[in-house]
Amino acid sequence: MTADSNVTEPSAGSATAAIVVDIAIVGGGLAGSLAAAVLARAGHRVALVDKRAVHPDEFRVEKIGGRQLEMLRKLGYLDALDNVACRYDQVLNIREGKVVDVSVGRAYGLPYADLVAMARSQLPDPSSLIVDEVTAVNCRDDLQHVELASGGRITARLVVLATGMAGVLGYKLGIKRRVLAERHSVSFGFTIARRDHAPFDFEALTCYGERTADGIDYLSLFPVRAGMRANLFMFRDPTDPIMRELRREPEATVLRLLPGLRPYLGDFHVIDRVQNWVMHLSVVEGHLQPGVVLIGDAFQTNCPAAGTGVARLLVDVERLCTEYAPRWLGTEGMGREKISEFYSDRDKVAADQQSLKMARFRQALTSRNDIGWDVRRRLHFLRRSITHRLDQMRPGWLAQVRSALRA
């Protein structure tokens, strides 16, 4: 059963019926759901296929801010995000118990499942979501055929694979994933609250790692409706015993790894399940094929600590759904020459390259202990601290400088 009676579900009667659309999107996470909403709102016939009517509670994207908000505004979703997420406007950044600087700017915290639900709610027609499993995709230069586990079929001009890191369908098409960095990073997510039920003395807080040996990039604390969410990003062997300790005794382990946090958190406890995620950096090969295009993590994975994953995803959605797909549908055929335009798009290529660059930078800044990186790390935080102090003495100075540099 589905949570919405308007959602198209597989049934015995529909097993022989073919659904005909302009674009079939496989995978109803954030990338697929946003792409479906953008295309459907532009008047294209869209089928969004996912195994679940309601996306499960996954530890994925939990905060949105900075340039990501500008892109959501451009796509027309910022108001919808404002209605479902917790907004915050200031982040206190600390290291070794001392203030590094304060980040100012609008940001939002919310569970990934709520983010996906927000994207799906923007579909003009809820029946565009088909709750089923795709078993095969047959792609050609003209029409594409999608086979469903229920026995149903979808015929489309274009198929968009937004299946995240699940590569079964891609593998059947000859698309393979090349690992660039195995077990690149480990992330933990949990929610905390003070034992006396008092609010924390900050809107949001980022605490950076204190020792390279710990492999901690930073702990990010930000509000969600359930409390204060914690995202911990590490570059460390996921089989290390510290991973088990973080799951079993998160409060004591976090304070042992980041002792400078203690004055800011007071007597706190974890109020939900500790989730963790091991990320491999990877890209796909053999993806340039007629009639099918990959977006988001289905094309390239990201380092969560770098914070570039959502930006990459939004670039993919914006370029494909507002520039290329509408133009491709205006002429016959869906051959490789059309598909290649998206993969070689300047903005997309830049976002993909920046994501990998930042992944390597964050790991080196966190973990490298040679003299060169030690000096670079010290200068990185010193520059931020000096800039912050100057801005405190002359409020607005930093904003004026940044404005002048952009001009």
Q) Of the residues that sit in segment 86-112 and are among the hydrophobic types (A, V, I, L, M, F, W, C) and under 28 Å from residue 347 (Cα atoms), which one is farthest from the chain's Cα centre (by Cα)? A) 104
(Q) I'd like the full set of residues that are outside any loop (DSSP other than H, G, I, E, B), surrounded by 16 or more Cβ atoms within 10 Å (Cβ to Cβ) and either hydroxyl-bearing (Ser, Thr, Tyr) or touching a strand residue (DSSP E or B) at 6+ places or on another chain (Cβ under 8 Å) (or both), limited to segment 330-342. (A) 339, 342
Q | Yes/no for residue 344 being at pLDDT below 95, over 17 Å from residue 180 (Cβ atoms) and not hydrophobic (A, V, I, L, M, F, W, C) | A | no
**Q.** Pair list, Cβ under 8 Å, 6 or more apart: segment 370-392 residue farther than 18 Å from residue 92 by Cβ, other residue part of a loop (DSSP other than H, G, I, E, B) and small (Gly, Ala, Ser)
**A.** none
(Q) Restricting to segment 164-200, name every residue that is more than 25 Å from residue 356 (Cα to Cα) and touching a Phe, Trp or Tyr at 6+ places or on another chain (Cβ under 7 Å). (A) 192, 193, 194, 195
Q. Only one of 106, 73, 95 is of a type in the set (D, E, K, R), surrounded by 17 or more Cβ atoms within 10 Å (Cβ to Cβ) and outside the structural domain of residue 157 (by TED's automatic domain parsing); which?
A. 95
Q: Look through 174, 170 and report the one residue that is crowded, with 20+ Cβ neighbours inside 10 Å, of a type outside the set (Asp, Glu), farther than 15 Å from residue 266 by Cα and touching a Gly at 6+ places or on another chain (Cβ under 9 Å).
A: 170
Q: Please enumerate the residues belonging to segment 28-86 that are among the aromatic types (Phe, Trp, Tyr) and free of Cβ contacts under 8 Å to residues at least 60 places away in the same chain.
A: 77
Q | Selection from segment 338-359 of residues that are touching a residue at least 40 places away in the same chain (Cβ under 8 Å), aliphatic (A, V, I, L, M) and under 25 Å from residue 279 (Cβ atoms) | A | 351, 356, 358, 359
Q | Near pairs, Cβ below 6 angstrom, 6+ apart or cross-chain, from segment 326-337 (assigned by TED's automatic domain parsing to the domain that holds residue 287) to any residue that is surrounded by 13 or more Cβ atoms within 10 Å (Cβ to Cβ) and acidic (Asp, Glu) | A | 329/22; 333/141; 335/141
Q) Are any of the residues in segment 257-275 out of contact with any helix residue (DSSP H, G or I) (no Cβ under 7 Å at 6 or more places or on another chain), within 30 Å of residue 200 (Cα to Cα), surrounded by fewer than 18 Cβ atoms within 10 Å (Cβ to Cβ) and polar (S, T, N, Q)? A) yes
**Q.** Residues satisfying the stated conditions in segment 27-65, i.e. buried (at least 24 other Cβ atoms within 10 Å of the Cβ), more than 18 Å from residue 329 (Cα to Cα) and either aromatic (Phe, Trp, Tyr) or over 17 Å from the mean Cα position of the chain (by Cα) (or both)
**A.** 49, 50
Q. Within segment 131-145, is even one residue in a loop (DSSP other than H, G, I, E, B), closer than 30 Å to residue 80 by Cα and modelled with pLDDT under 95?
A. no
Q. How about segment 31-130: which helices (runs of 4 or more DSSP H) wholly inside it have at least 1 residues that are touching a helix residue (DSSP H, G or I) at 6+ places or on another chain (Cβ under 8 Å) and farther than 30 Å from residue 327 by Cα?
A. 78-84, 112-121
Q) Right, residue 168: of a type in the set (A, V, I, L, M, F, W, C), within 16 Å of residue 27 (Cα to Cα) and touching a residue at least 12 places away in the same chain (Cβ under 8 Å) or not? A) no
Q.
Just the residues that are at pLDDT below 95 and closer than 17 Å to residue 33 by Cβ, please, taken from segment 297-309.
A. 309
**Q.** Test result for residue 248, modelled with pLDDT of 95 or more and surrounded by fewer than 20 Cβ atoms within 10 Å (Cβ to Cβ)
**A.** yes
(Q) Need pairs with beta-carbon distance below 6 Å; first residue closer than 16 Å to residue 263 by Cβ and within segment 201-225, second of a type in the set (Phe, Trp, Tyr); sequence gap 6+ or separate chains. (A) 206/218; 208/218
**Q.** Odd one out for residue 301, checked against (1) among the polar types (S, T, N, Q); (2) touching a His at 6+ places or on another chain (Cβ under 7 Å); (3) more than 19 Å from residue 360 (Cβ to Cβ)
**A.** (3)
Q | residue 203, sole failed condition from (1) among the acidic types (Asp, Glu); (2) modelled with pLDDT under 95; (3) under 25 Å from the mean Cα position of the chain (by Cα) | A | (2)
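The values are calculated or read from the model by the stated rules, or taken from the named source; none is laboratory data. These figures come from a predicted structure and were not determined experimentally. Because the Cβ atoms are built from the backbone with ideal geometry, glycine has one as well, and the counts that use them run over all protein chains shown.
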